[in-house]
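The values are calculated or read from the model by the stated rules, or taken from the named source; none is laboratory data. Remember, it's a predicted structure, so these values are computed and weren't measured experimentally. Because the Cβ atoms are built from the backbone with ideal geometry, glycine has one as well, and the counts that use them run over all protein chains shown.
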Amino acid sequence: MPAIAPPRTMTNHPFENTYNLSETQLQNLDEAEDLMLKGALGAAERMLLTMLEEDDECIPVLSNLGHLYGRHLSEFETAVDYYNRVLRIEPDNAWARDARRRYMRYIE
């Protein structure tokens, strides 16, 4: 009989949980990203906005919303607003700074 893998915990992730997200937050982020890839943009948006209501300074949620609005919805001002929120919380976030610069070209 094959061994059953134990349930995933935060320590079983192949990456460092830099923002100390809960298992639920990590699962919801994964699901939102999958929804974006599948083109279910409204569902991804609802999920991310719900997550943001629970933690309005969650960098990964803010970044994913910036990505959703910029890359998938072409709402560049909204994308820039989310990246600005990331940078207010974490001024040295190079990824957010680069993404914000990319979308600012379309609104200036």
Test set (1) over 16 Å from ALA79 (Cα atoms); (2) of a type in the set (A, V, I, L, M, F, W, C); (3) surrounded by 17 or more Cβ atoms within 10 Å (Cβ to Cβ) - LEU68 fails condition number
(1)
Mind checking which pairs have a first residue in the range 40-65 that is of a type in the set (Val, Ile, Thr) and a second that is modelled with pLDDT under 95 and surrounded by 13 or more Cβ atoms within 10 Å (Cβ to Cβ), Cβ under 6 Å, 6 or more apart or different chains?
ILE59/TYR19
In the range 14-45, residues that are surrounded by fewer than 19 Cβ atoms within 10 Å (Cβ to Cβ) and either acidic (Asp, Glu) or under 18 Å from ASP81 (Cβ atoms) (or both) total 7
Of everything in the range 36-64, what is of a type in the set (Gly, Ala, Ser) and under 18 Å from LEU21 (Cα atoms)? Give them in sequence order.
SER63
Residue ID - farthest from the chain's Cα centre (by Cα), chosen from residues in the range 21-75 that are under 16 Å from ASN93 (Cβ atoms) and of a type in the set (S, T, N, Q)
SER63
Per the filter on the range 88-108, residues surrounded by fewer than 15 Cβ atoms within 10 Å (Cβ to Cβ) and within 19 Å of LEU49 (Cα to Cα) are ARG88, ILE89
